[in-house]
Amino acid sequence: MSILTCAALGSAPLENLFDRFGVSLETVADGTPIEGSWFGEPEAGIIRKRVIVRGDTPVHSAMHEGCHLICMDGQRRANLHTDAGGDYDEENGVNYL
């Protein structure tokens, strides 16, 4: 089974999608720790309105964390670091998106 990585996809598709919702994509260099990663590397991290990825981050991880940010209001984003929190309805919505 092959998993699509952020390096293979390129940053433009994720940047274009997230930008519509006031969310930014931050790409760190390979081998650099991913701040804000709940599941650990290479999974995406979230801090405030940023989704943080590396080349080996799976695209589905970036999308999942980005969709949490899309579901949040500004106040939640302002205090966000690593743990999206949210409830079952949000998690279901994020998984659907």
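The values are calculated or read from the model by the stated rules, or taken from the named source; none is laboratory data. Since we're looking at a predicted model, the values are computed, not measured. Neighbour counts run over all protein chains shown; Cβ positions are idealised from the backbone, glycine included. Side chains included, ligands, DNA and RNA excluded: accessible areas come from the protein's heavy atoms. Shrake-Rupley method; radii C 1.70, N 1.55, O 1.52, S 1.80 Å.
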If you plug each phi of segment 10-23 into the Karplus form 6.51 cos²θ - 1.76 cosθ + 1.60 with θ = phi - 60°, what whole-Hz ³J(HN,Hα) values come out, in order, with x for Gly and Pro? x, 7, 4, x, 5, 4, 5, 5, 5, 4, 4, 10, x, 10
Just to make sure I understand: if all protein chains stay in place, what is the order of 30, 56 by accessible area at 1.4 Å, largest first? 30, 56
Counting only DSSP beta bridges with both partners in the chain, the antiparallel fraction in percent, to the nearest 5, comes to 60
Solvent exposure of the chain as accessible area per residue, Å², 1.4 Å probe: 58
Tell me the net charge near residue 76. Cut-off is 15 Å between Cβ atoms, residue 76 excluded, with +1 for each Lys or Arg and -1 for each Asp or Glu. -3
Solvent-accessible surface (1.4 angstrom probe) belonging to residue 68, in square angstrom, nearest 10: 10
A student applying the Cα gyration tensor rule (rounded when a/c is under 1.5; otherwise prolate if a/b is larger than b/c, oblate if not) would label segment 37-78 prolate
Between 0 and 90 degrees, rounded to the nearest ten: what's the tilt of helix 59-71 against the longest Cα principal axis of the chain? 20
Apply the a/c threshold of 1.5 to the C-alpha gyration tensor of segment 14-68 and tell me whether it is rounded, prolate or oblate. prolate
Can you give the accessible area of residue 63, probe radius 1.4 Å, in Å² rounded to 10? 50
Report, in debye and to the nearest 20, how large the dipole of segment 5-97 comes out about its Cα centre when Lys and Arg carry +1 and Asp and Glu carry -1 on their Cβ. 300
Jot down the radius of gyration and Dmax of the chain, Cα atoms only, both in angstrom. 12.3, 39
Residue-averaged 222 nm ellipticity for the chain, from DSSP H runs of 4+ at -39500 (n - 2.57), nearest 500: -10500 deg cm²/dmol
